[in-house]
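Heads up, the thing below is written out as structure tokens.
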């Protein structure tokens, strides 16, 4: 008599291992929040960043989009800071509230959705972050040049800044002819470069972006007339 019970047992073990290797749902949002917080600390030390993240907020808190990969999966997230240490990270339909206190060069005390966790990290700027918590290590890779599409007011031809930051490069001037998708300028924010592109083909009626200028979310960068 031949038995195949051993196959079922091996299959169960394999499924258990696969389930165990899946990262908890809070790892990606935590990695985003920690990466942004570390970037903030670095820039603040260089006197190139506000002392308080929430100080950037005017009527609406600034949003920081991040694209990252972990375990061969890509995630799109948006982080909104409510104060220096607390933020909300949205990923799909889920939102996580995260508070971070940096307690050492490679250690942080984090509260994720009300649960306190001690995290050891290795920040490999600008693209990688390794987290060690609950006996496991997770490595997250961030997109180096996350492209942010231009914010354009309907029928107005106005292109505005999607977030607070610094103008790193301006590629066009008033009167220039542009094609749809053509880069107009680069906005630097949180150690990342956000390319602002033309939403349509046309010509630039007004260029208000200046190299090195600090801008706020919603500031007008260009006026474009569709061809």
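The values are calculated or read from the model by the stated rules, or taken from the named source; none is laboratory data. Since the structure is predicted, the reported quantities are computational estimates derived from the model, not experimental observations. Cβ placement follows ideal geometry from the backbone for every residue including glycine, while neighbour counts extend to all protein chains displayed.
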Completion exercise
residue 109 fails exactly one of (1) at pLDDT 90 or above; (2) in contact with a helix residue (DSSP H, G or I) (Cβ under 8 Å, 6 or more places away or on another chain), namely (2)
Fill in the blank from the handout: The lone condition residue 128 fails out of (1) more than 30 Å from residue 221 (Cα to Cα); (2) modelled with pLDDT under 85; (3) in contact with a helix residue (DSSP H, G or I) (Cβ under 6 Å, 6 or more places away or on another chain) is (3)
Practice task
Using the structure shown, decide if residue 161 is at pLDDT 80 or above, in contact with a strand residue (DSSP E or B) (Cβ under 9 Å, 6 or more places away or on another chain) and not assigned by TED's automatic domain parsing to the domain that holds residue 69.
Solution key: yes
Fill in the blank from the handout: Within the range 194-218, residues in a strand (DSSP E or B), within 12 Å of residue 164 (Cα to Cα) and modelled with pLDDT under 90 come out as 194, 215
